[in-house]
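Working notes for the structure below.
The values are calculated or read from the model by the stated rules, or taken from the named source; none is laboratory data. Source: prediction; values computed, not measured. Cβ coordinates were reconstructed from backbone atoms using ideal geometry, including for glycine residues, and neighbour counts include every protein chain displayed.
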Amino acid sequence: MVQAAFTLGGELIEPGTRRQVDLPAAKLYTHAPLHIPVEIVHGRQPGPILLVCGAIHGDELNGVEIVRRLLKLPALSRLRGTLIAVPVVNVFGFVQQSRYLPDRRDLNRCFPGSESGSLGSRIAALLREELVDRATHIIDLHTGAIHRTNLPQIRSQLRRNAETQAMAEAFGVPVILNAELREGSLREYAQNRGVPVLTYEAGEALRFDEWAIAPGVRGIRRVMRLIGMLPADGRRRTPPAAEVANGSSWARAPIDGILRPRARLGARVAKGEVLGVVADPFGHDEAQVVASADGIVIGMSNLPLANEGEALFHVARYEEIDEVESAVESFQSRFDTPGA
Ligand SMILES: [Zn+2]
């Protein structure tokens, strides 16, 4: 059975073809049109419709490279179903090297959007109609915010949907967080429609972190095998199921000043452990940043400047922390993560 052709952005996409479509997002103030580039790989045989998208926060670049590498995979010639790949969702933020839209709104808080709303709302409506509402599965690619880095991690609502959980485990990174939905996010919108969505968070904004990109490409491939889009590969072993974190919290700067971090990304830390020290420039007035629970450092600030209350170290808590610690160590040595 051959699957049907469909229309995206006014272009007819035939089965067994690959097309690039430029979705007209809006115009710049100068009236120059701005497009969201989309590549569609429409397999001959029916199967899931997977949307993979990067840079909905315009300065989060690792996902852009993940999408580029994904589209180079030779296995896509045997694709079942349809891959809709969007390297840069927030094209406005991307050209400005900014997380936000020109009106400083966060596109990932604008869903479901409206055709008569402001820029963010209109773009969200366009994405929803052309891309999100077609998808049967979604992987949304993110990084830490500016000056913040994340150990590669999956964030998802695991308990509501067994398929989401299976996808999160198949992705094969050692950190999985059961994350609440943010109002107006792509993930909230799709998840409420019953579509399984994974958010992959890895590395830092405005960087290419190879240790975040390579496992991202590998993870998407594994999910595509799991849901039957790519042929199963008997030679590859499935990764051991990662422990889901019980929760997470940020250790914050106790005073304003200059941060000297002591904990590294991926480290196991104990409650009460000193993760870093914040001090004035002479080091007279010093205060310790202390872990409030046992856990693993899954995110941290890379900027040695902090104001009181600023989030510096993101610590995830676990039931089986020994297992997570060894999974993180082997992941870090394999992908050459900083701190390994
Ligand atoms: Zn993001």
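Going by the structure shown, is Leu70 away from the ligand (no atom under 16 Å from the Cβ) and not in a strand (DSSP E or B)?
yes
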Can you name every residue in the range 302-337 that is touching a Ser or Thr at 6+ places or on another chain (Cβ under 8 Å) and of a type outside the set (Asp, Glu)? Asn302, Ala311, Leu312, Phe313, His314, Val315, Ala316, Arg317, Phe331
Given the conditions (1) under 20 Å from Ala162 (Cβ atoms); (2) among the aliphatic types (A, V, I, L, M); (3) out of contact with any Phe, Trp or Tyr (no Cβ under 8 Å at 6 or more places or on another chain); (4) touching a residue at least 60 places away in the same chain (Cβ under 8 Å), and given that Leu206 satisfies all but one, which numbered condition is not satisfied? (1)
So, of the residues in the range 73-93 that are among the small types (Gly, Ala, Ser) and over 18 Å from the mean Cα position of the chain (by Cα), which turns out to be farthest from the ligand (Cβ to nearest atom)? Ser77
Residue list for the range 130-155, filter: within 16 Å of the ligand (Cβ to nearest atom), in contact with a helix residue (DSSP H, G or I) (Cβ under 7 Å, 6 or more places away or on another chain) and more than 19 Å from Arg207 (Cβ to Cβ): Ile138, Ile139, Ile154
Please list, ordered by first then second residue, the pairs with beta carbon atoms under 6 Å, 6 or more apart or interchain, first in the range 167-190 and under 30 Å from Asp336 (Cβ atoms) and assigned to a helix (DSSP H, G or I), second of a type in the set (Gly, Ala, Ser) and at pLDDT 95 or above. Phe171/Gly219
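Evaluate the range 52-66: report whether one residue or more is within 16 Å of the ligand (Cβ to nearest atom), surrounded by fewer than 16 Cβ atoms within 10 Å (Cβ to Cβ), of a type outside the set (Val, Ile, Thr) and more than 16 Å from Met229 (Cα to Cα).
no
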With the requirement that a residue be touching a residue at least 40 places away in the same chain (Cβ under 8 Å), part of a loop (DSSP other than H, G, I, E, B) and touching a strand residue (DSSP E or B) at 6+ places or on another chain (Cβ under 7 Å), what does the range 19-51 give you? Gly43
For Leu101, only one of the following conditions fails: (1) part of a helix (DSSP H, G or I); (2) within 15 Å of the ligand (Cβ to nearest atom). What is its number? (1)
Criterion: away from the ligand (no atom under 15 Å from the Cβ) and under 23 Å from Ser121 (Cβ atoms) - qualifying residue of Gln96, Gln20, Gln45: Gln96
Assess whether Leu158 counts as being among the aliphatic types (A, V, I, L, M), part of a loop (DSSP other than H, G, I, E, B) and away from the ligand (no atom under 16 Å from the Cβ). yes
Which one of these is surrounded by fewer than 14 Cβ atoms within 10 Å (Cβ to Cβ), small (Gly, Ala, Ser) and closer than 25 Å to Val95 by Cα: Ala26, Ala5, Ala32? Ala32
Subset of the range 246-291 [of a type outside the set (D, E, K, R), in a loop (DSSP other than H, G, I, E, B), surrounded by 13 or more Cβ atoms within 10 Å (Cβ to Cβ) and at pLDDT 95 or above]: Ala253, Pro254, Ile255, Ala263, Leu265, Gly266, Ala267, Ala291
